[in-house]
Structure formats: structure tokens, C-alpha cells
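A.B. asks: Let me begin by handing over the structure; questions about it come next.
Nothing in this text is a laboratory measurement; each read-out follows from the coordinates by a stated rule. As the structure is a computational prediction, the values presented were derived from the model and not from experiment. Because the Cβ atoms are built from the backbone with ideal geometry, glycine has one as well, and the counts that use them run over all protein chains shown.
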Amino acid sequence: MGVGKSAVARAIAARLNRAFIDMDETIERQTGMRITDIFAQHGEEMFRTLEKELLRELSFQRDLVIATGGGALVPAENRVMATRTSLVICLNAGVDAILDRLAQDESRPLLAGNNRRDKIKTLMAQRAAAYAEIPYQIDTTGRTVEEVADEIIALVASGAWGYLRLPVHLPDGGGYDIALGAGLLAQAPRLMAERGVSGDVVVVSDANVAPHWSYPLLDAFAQAGVRAKLVTLPAGEAYKNLDTVRGLYDRFLEAELDRTGAVIALGGGVIGDMAGFAAATYLRGVRFVQIPTTLLAMVDASVGGKTGVDLPQGKNLVGAFKQPELVIIDPDVLATLPPEAFRNGLAEVIKHGILADPDLFEQLASSGPSSLESLIARALRVKIGVVQRDPFEQGERAHLNLGHTFAHAIERVSDYAIPHGQAVALGLIAAARLAANRGLCPTDLPERVEAVVARLGLPTTLSGYDPAAIVAAMSTDKKRKGGKVRFVLPRAIGDVGIYDDVREEEVLAAVETLL
């Protein structure tokens, strides 16, 4: 409040000949009540419901300039809804400027009473994370309405795109953005340039993805005047090895890639792992951008900086932490993803719900999130929270391995015939049953997990494999510590723990329940 949203939006609407909507004024007109009276008689929750309904209605309209209330885009679902259809801009101002602008305004229910300065600071702190997801930020302190309107109109004229910005902050003060929104593949050069990533690029993709999505991306770079080279690798986990990476180095040299350029991973988790590891080690490190094309990579593998390749003895035993400069997630590219591969990605979404988002888990158990963007964003927020707190897997980040100790063993015994997502789904069930057998969780938790896995079309049983061989395959799992295999086990939906005292017979019993 008080940053100039209504005044600036009204000026822009007049100059662009668009209809102007002030959401607060619209709600007052629709209800026949002032905002202060809605708060006083029905509470803030009722007002937020009215905001959400109005925002949904407006999202189906075109050629508008909308001034929202200061809290309208605080709920994550509202931000997703707005950025799916609109260019969203966040206006900011200093506390003193806001106090001065609102000095004669007594219509703000959240500032009622004394200590306005403290209330403004508290609101700004509470909403900081939500506002940070809006990519375009403009400070209006000391500026006129026309000056701010000029900047926004120039932004519109430049072709700026609506999307959700999910920032990842790292302990060293650095970080990167995840840009999430339909149509962002074509915006990759712009998004990279806005973050200072310039120079030549090498796009690494595979034989499945490149025919569909490499050419639109290469065309976008050509139109932006950026020299781009495509390297297409064979598709599949079987090629995620040091021999393939050695070939990547040769192709980087052929493309004359130097440290002013960047490597772009266009593909699923396998491509991201290999391209990221090559980027981390070529010339002792060149810049790296992730453009995941599978749901599994979007919600998991593309975020957190873990890269690597397989050895004959196990998965990802050689690798490095390589944080990307940017992750670009365009849900439109999922249009060519086979249904089975999409379901594989849902296994990681289930995992994130079990880890830290009970509401997401319940949505998956019923009607699902309101949109694909909402599903991806919710899952990403879980992983972002974990990797920010533990970027190098020294503690909490190990929680992300929920179900994976079982999953990697299943993959290895099947010679990777069982896809990662299916293996994770089975691993989640096995982990829940192991937890229940140990008395760590409610007795109905395994059934709840299995029901969600089944509802989303993922396997709940395994046949044709020796359970003892699966247990033996865990002996080379890279998650071992002190010679012991560690298990991440659920204690409740939204609460997990790490256990390294699990006996082999307990693990075998859990695996046998899958058969």
C-alpha cells in the first residue's frame, strides 16, 4: 500500500488506451461495502477470498491495466494465476515515502491504530518472499507517477514476458533465479541477458528432445544475435558416463567455447547431469543454464547444482556441485513428453509433498493443484527451501533422498529398465512401510502414500526381481555414511528423518512388500 499502484496503473491505462481496473474499488462496488467494513464485519479471510475470485475473473480478460491490493498476490496460487496471463510488475517504496503518502489516508485496515511505521515494516517483512517472486521490480521513491509509467510502458514495448521468478539464495551471498512460465523457451536469450549471461552458447540436448525444442531455441538466439551451437547426444541413462562427457569436451572445443560463453542443458535430468558436470570441469568451469524438458527435471534435477555421471558400480558416483546461472522452466515443452514420462515426474512431486508440503500431498490425493504451473511451483518451493539451507548436502538436503535409496537399487538391479520416476514411486512406498514397521509414523501412512502413487498412474508393485539382490545393490549407494546405508523415512506427511541404524532384515522386509 502507498507505493503508487492505482495512480500509476491509471496513467498507463490512459496512455495505452486500455481499461483500468482497481481491484479494491471493484470489490467495494460489487459488495456495496468499504474495505474497512469488510474487514471489520467479516474479517480479512473473507476479503482475501473476494480478491482471489476477482483475480480469477480478470485473468480471462484482455487489454486491461490492473491495480491490485498490496496483499492480493501474497497467496502463491494468486501469483501463479496472475503471471500465467499477465505481465506483473511490483512497485516498491521506502517506509518514509509510504508513511508520507498515507498520512491523510485512514482507510487502511491493516494500519489501523498507532505505530504505523512498525506495521508497515512488519507487512513488508511478511510479504518480502512473495513479492520477490515477481520478476519486474520498480522503486517509486522520489519519482513522479509519469516517470514510473514511462518505465513500465517501455518495458511493455520491449516485449517483456509474464512469468514467475523463484529466487534461490545461497549461503555465500550468491544465487540464481528459476523463471517459470509458458512461452519462456523463446525468451531464453532475453532472460539470460538480463542476468548478465552473454557470449556464445553451446546447447546440449538428446536425440529425443532436440527434434522438438532445439530449433525454436536456436532461432531465438539467432534473432538475438547470439552464436549458438547444438550438440545432440544419444538419449538414455545408459549414456550418462565419462565417455560421453569426454566427447562433450571435444565438441566444446570445436565450438570455440571460452569462459565468456555458457553451456545450456536442454533436456531431462540425464542431460542436465552430464552438461552440468561438463560445464563444471571444462576450462575449470564455464557458466551453465538449465532448461529442463521433463516434469521430473523441472521439479527436482534442474535445481540445486548437483551434477554427475554413473560408473558401472552405481549412479552418480562421479560429479560436482555446479550451480546454474539460471533455470528456465517452460511448461509448454511438456506437450511432447510421453504420458509415462510425465507420470515419472509426478513421483518427485509426491516426494516433495511428503517432505514439506502436506497441502500439496492432499491436493494430489484429490483433485490436484489448480494448474500445471501451480503444481511445479509448489514442488519447487519445497526443494528451494531445502537447498538454500543446505547447498552441499551436509545435513537437511539428504531429506531429498526420500525413497531414493530403494529407488537407485531398483534401477540398478533392473539394469535401468525401470525408469527413475517409477523406481522413486516404489521407493516412497517402501520407505513408508519401513517407517511404519519401525513405529516411526502412523500405521495408515503407507496406505495413504500408496493410494496417491496409484492415483497418479505410477506402479505400486514390483515383480521379477530378487529382493535380496535389491538390498545388496544398496551397498554401493553414494548416500552411505561411515559404511552404513542411510534411509530417509517419513514420520508424518510433512516430517521426515534420517536413520542409519536400519538392519538389513528390516530393509528386506520392506522390499518384499513390493513383490
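A.B. asks: Calculate one ³J(HN,Hα) per residue across the stretch 133-144 by plugging θ = phi - 60° into the Karplus curve 6.51 cos²θ - 1.76 cosθ + 1.60, and present them in order as whole Hz with x for glycine and proline.
C.D. replies: These are the phi-based 3J(HN,Hα) values: 7, 8, x, 9, 10, 10, 8, 9, 4, x, 10, 7 Hz.
A.B. asks: Kindly state, to the nearest 0.05, the FRET efficiency for ALA76 paired with ASP258, given R0 = 51 Å and r defined as their beta-carbon distance.
C.D. replies: 0.80
A.B. asks: So, one more: What is the set of long-range amide H partners of ALA235 at a cut-off below 5 Å, with H atoms built 1.01 Å from backbone N?
C.D. replies: ALA207, ASN208
A.B. asks: In debye, nearest 20, what is the charge dipole magnitude of the chain about its Cα centre with +1 on Lys and Arg Cβ and -1 on Asp and Glu Cβ, if you could check?
C.D. replies: Computed charge dipole of the chain: roughly 560 debye.
A.B. asks: So, one more: Out of residues 5 or more away from LYS229 or on other chains, whose amide H comes under 5 Å of its own, with H placed 1.01 Å from N in the peptide plane?
C.D. replies: Here the answer is VAL201, VAL202, VAL203, since their amide H atoms fall under 5 Å of that of LYS229.
A.B. asks: Give the residue from GLY285, VAL386, GLY457 lying farthest towards the positive end of the charge dipole for the chain; charges sit on Cβ (+1 for Lys and Arg, -1 for Asp and Glu) and the dipole is referred to the Cα centre.
C.D. replies: Comparing the listed Cα positions along the dipole, GLY285 ranks first.
A.B. asks: Turning to a different aspect of this structure: Before rounding to the nearest 500, sum -39500 (n - 2.57) across all DSSP H runs of length at least 4 in the chain and divide by the residue total; then give [θ] at 222 nm in deg cm²/dmol.
C.D. replies: -14000 deg cm²/dmol
A.B. asks: Next question. Alpha carbon centre of the stretch 280-312 versus the stretch 135-164: separation in Å?
C.D. replies: Between the Cα centre of the stretch 280-312 and that of the stretch 135-164, the gap is 33 Å.
A.B. asks: Okay, next question. Report the Cα centroid-to-centroid distance between the stretch 216-262 and the stretch 410-446 in angstrom, as an integer.
C.D. replies: Between the Cα centres of the stretch 216-262 and the stretch 410-446 lies a distance of 36 Å.
A.B. asks: With unit charges on the beta carbon (Lys/Arg positive, Asp/Glu negative), name the residue among VAL333, PRO167, ALA207 whose Cα is farthest towards the positive pole of the charge dipole of the stretch 165-337.
C.D. replies: The one lying farthest along the dipole's positive direction is PRO167.
A.B. asks: In nm, to one decimal, how far is the modelled label at ASN92 from the one at ASP150, with both set 7 Å along Cα→Cβ?
C.D. replies: About 2.2 nm separates the two model spin labels.
A.B. asks: Under 5 Å between amide hydrogens, which residues at least 5 positions from ALA320 or on another chain qualify, with H placed 1.01 Å from N in the peptide plane?
C.D. replies: HN-HN under 5 Å from ALA320: THR307, GLY308.
A.B. asks: Calculated FRET efficiency, ARG15 and ARG455, Cβ-Cβ r, R0 45 Å, to nearest 0.05?
C.D. replies: Working from the Cβ atoms, E equals 0.35.
A.B. asks: Between GLN41, VAL245, LEU364, whose Cα lies farthest towards the positive end of the dipole of the chain when Lys and Arg beta carbons carry +1 and Asp and Glu beta carbons carry -1, centred on the Cα centre?
C.D. replies: VAL245
A.B. asks: Please list, by residue number, every one of the GluC sites (Glu not before Pro) in the stretch 215-296 that is coil in DSSP and has at most 12 other beta-carbon atoms within 10 Å.
C.D. replies: Here the sparse-neighbourhood loop sites are GLU256.
A.B. asks: Something else about it: About the Cα centre, and with charges only on the beta carbon of Lys, Arg (+1) and Asp, Glu (-1), how big is the dipole of the stretch 77-134? Nearest 20 debye, please.
C.D. replies: Taking the Cα centre of the stretch 77-134 as origin, the dipole is about 100 debye.
A.B. asks: Right, another one. I'd like to compare 274-281, 228-235, 297-304: which one has the highest average count of other Cβ atoms within 10 Å, and what's the full order after that?
C.D. replies: Going from most to least packed, we get 297-304, 274-281, 228-235.
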